[in-house]
Amino acid sequence: MGRGRDNGAPHARPQNPPYGQQTPQGPSYGYPPAPQPYPQQQPYGNGGGYTGDYGEPEYFGDGAYPQGAPQGPHDPYAANNPGHTQAFSIGEDPYTQGETYRAGSAAPPPGPIGPRLHWKDLLRGIVVSPNQTFLQMRDYAMWGPALVVTFLYGLLAVFGFDGAREDAINATLSNAVPIVLVTGLAMVLSAFILGVVTHTLARQLGGDGAWQPTVGLSMLIMSLTDAPRLIVAMFFGGDAGLVQLLGWATWVAAGALLTLMVSRSHDLPWPKALAASSIQLIALLSIVKLGTF
C-alpha cells in the first residue's frame, strides 16, 4: 500500500522516526496514516481523546487498560479525571461525606430535646410527667432549684425526728436556729454526695450522662419524695403508723424515680439504672426513713 516508504508522492513522510518521537501529524493528502512504531503498546490510551481540527489529536489523560482487561467506553468528561474535577456544595466535606468521627461512639450523642424548664415546671414535672421531664433536663444543670429545695427540706427534717424535734422545741431561739441551719446544710451535703455516687456508678455501668443534671435531679427526687412523710411526721411524730407507711411508700417512689432518671439521663436499661441508684436508696432508707423508726 505504500506505507512508510517513498513512492514518489510529494511531501512523503519519513519511514522510521527516531525512538521516543512521534510521527509528525499533518495533512495526509489522500494517503492513509503511518502505523505506530510499536503496535503492541498504546501510548495514548484506549480511546481517551478525540481528534481536533487539522487531524491533530487531543488527549485528556491516560485511559489505558492493562492487557487482557475488559475495555469499556471511556468518558473523558467524567468527574475526577484530569482536567475535570468534581463539584461540591458549599460547606460539604468531600472526604467524610457529612459524617464526623467521634472516638468511642458510632454516632454523635443526642442533644437537648427541648428548652430548659422553669423551676416551677421542673418541680411539677418530676411529680406529674417524670419521663418527659428527665429527658428534657438531661443536658441542663439545675443547681438553683436543687440546692434551695434540698436546704428547705433539711430545715424541716429536724421536726421529722422525734428526738431532734424535742431538742429544737425545748431549746432557746439562739440554740434552735443553729440546730436547724446545721441540719439543713447537712442534708444538702448528704444529698450532693449521694448524687455523685449515683452518677459515678452509672458511668461505670456504661452510662453517658453528665454529672451536673444527674446530681441535681437526684437531690430533687430525694427531697420531693420524702416531703409527704416529713409533713405528716411534724404533726404525728415519727413513730406513728401512718408516718411509717408513708415512709415505705415514698421510699419505693424514690426508687422508681431515681431508676427512671438514671435510665433517661445515661441511656441505660432499667436494671443497670436501678443498680446505679442502689447505694443512694440504701442510704435514704437507713438515714432518713429508718431514722424515724
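Out of curiosity, is ALA283 among the small types (Gly, Ala, Ser), modelled with pLDDT under 95, closer than 19 Å to PHE134 by Cβ and surrounded by fewer than 23 Cβ atoms within 10 Å (Cβ to Cβ)?
On the way: among the small types (Gly, Ala, Ser): yes; modelled with pLDDT under 95: yes; closer than 19 Å to PHE134 by Cβ: no; surrounded by fewer than 23 Cβ atoms within 10 Å (Cβ to Cβ): yes.
So ALA283 fails the test.
Of the residues SER218, SER263, which is over 17 Å from LEU284 (Cα atoms), crowded, with 22+ Cβ neighbours inside 10 Å and under 34 Å from the mean Cα position of the chain (by Cα)?
Answer to the check: SER263.
Name the helices (runs of 4 or more DSSP H) wholly inside segment 116-189 in which the number of residues that are under 15 Å from LEU257 (Cβ atoms) is 2 or more. Walk me through how you get there before you give the answer.
Values: elements: 119-128, 130-136, 143-157, 162-170.
Answer list for segment 116-189: 119-128, 130-136, 143-157.
GLY209 - would you say it is free of Cβ contacts under 8 Å to residues at least 40 places away in the same chain, in contact with a Ser or Thr (Cβ under 8 Å, 6 or more places away or on another chain) and closer than 24 Å to LEU257 by Cβ? Explain how you work it out, then say what you get.
Working: free of Cβ contacts under 8 Å to residues at least 40 places away in the same chain: no; in contact with a Ser or Thr (Cβ under 8 Å, 6 or more places away or on another chain): yes; closer than 24 Å to LEU257 by Cβ: yes.
No: the conditions fail for GLY209.
Cβ contacts < 6 Å: first residue modelled with pLDDT under 90, restricted to segment 120-135; second residue part of a helix (DSSP H, G or I) and surrounded by 17 or more Cβ atoms within 10 Å (Cβ to Cβ), any location; separation 6+ or different chain. Result?
none
Tell me, yes or no, whether segment 228-245 has at least one residue that is buried (at least 19 other Cβ atoms within 10 Å of the Cβ), modelled with pLDDT of 85 or more, in contact with a helix residue (DSSP H, G or I) (Cβ under 8 Å, 6 or more places away or on another chain) and within 22 Å of LEU122 (Cβ to Cβ). Break it down stepwise before answering.
To start, the set of residues in segment 228-245 that are buried (at least 19 other Cβ atoms within 10 Å of the Cβ) comprises 229-230, 233, 238, 243.
Checking the rest, the ones that are also modelled with pLDDT of 85 or more come to 229-230.
Subset that is in contact with a helix residue (DSSP H, G or I) (Cβ under 8 Å, 6 or more places away or on another chain): 229-230.
Right, trim to within 22 Å of LEU122 (Cβ to Cβ) and you get 229-230.
Yes: one or more hits.
Please state which one of VAL288, VAL243, VAL262, VAL215 is without any contact (Cβ under 8 Å) to a residue 60 or more places away in the chain and among the β-branched types (Val, Ile, Thr).
Working: VAL288 fails: without any contact (Cβ under 8 Å) to a residue 60 or more places away in the chain; VAL262 fails: without any contact (Cβ under 8 Å) to a residue 60 or more places away in the chain; VAL215 fails: without any contact (Cβ under 8 Å) to a residue 60 or more places away in the chain.
Within the list VAL288, VAL243, VAL262, VAL215, the selection yields VAL243.
Please indicate, with yes or no, whether at least one residue in segment 177-190 is within 23 Å of TRP211 (Cβ to Cβ), crowded, with 18+ Cβ neighbours inside 10 Å and touching a residue at least 60 places away in the same chain (Cβ under 8 Å). Steps first, please.
We begin by selecting, within segment 177-190, every residue within 23 Å of TRP211 (Cβ to Cβ); these are 185-190.
Among the residues that remain, those that are also crowded, with 18+ Cβ neighbours inside 10 Å are: 187-188, 190.
This time we only want the ones that are touching a residue at least 60 places away in the same chain (Cβ under 8 Å), so: 190.
Yes, segment 177-190 contains a residue that is within 23 Å of TRP211 (Cβ to Cβ), crowded, with 18+ Cβ neighbours inside 10 Å and touching a residue at least 60 places away in the same chain (Cβ under 8 Å).
Kindly evaluate ALA202 against the criterion of being under 19 Å from LEU257 (Cβ atoms), surrounded by 14 or more Cβ atoms within 10 Å (Cβ to Cβ) and either at pLDDT 85 or above or touching a Phe, Trp or Tyr at 6+ places or on another chain (Cβ under 9 Å) (or both).
Working: under 19 Å from LEU257 (Cβ atoms): yes; surrounded by 14 or more Cβ atoms within 10 Å (Cβ to Cβ): yes; either at pLDDT 85 or above or touching a Phe, Trp or Tyr at 6+ places or on another chain (Cβ under 9 Å) (or both): yes.
For ALA202, the condition - under 19 Å from LEU257 (Cβ atoms), surrounded by 14 or more Cβ atoms within 10 Å (Cβ to Cβ) and either at pLDDT 85 or above or touching a Phe, Trp or Tyr at 6+ places or on another chain (Cβ under 9 Å) (or both) - is met.
I'd like the full set of residues that are among the small types (Gly, Ala, Ser) and modelled with pLDDT under 90, limited to segment 246-259.
Step one: list which residues in segment 246-259 are among the small types (Gly, Ala, Ser), which gives 247, 249, 253-256.
The answer is GLY247, and nothing else.
The values are calculated or read from the model by the stated rules, or taken from the named source; none is laboratory data. Everything numeric in this text was worked out from a predicted model, so none of it was measured. All Cβ positions, glycine included, derive from the backbone under ideal geometry; neighbour counts span all protein chains shown.
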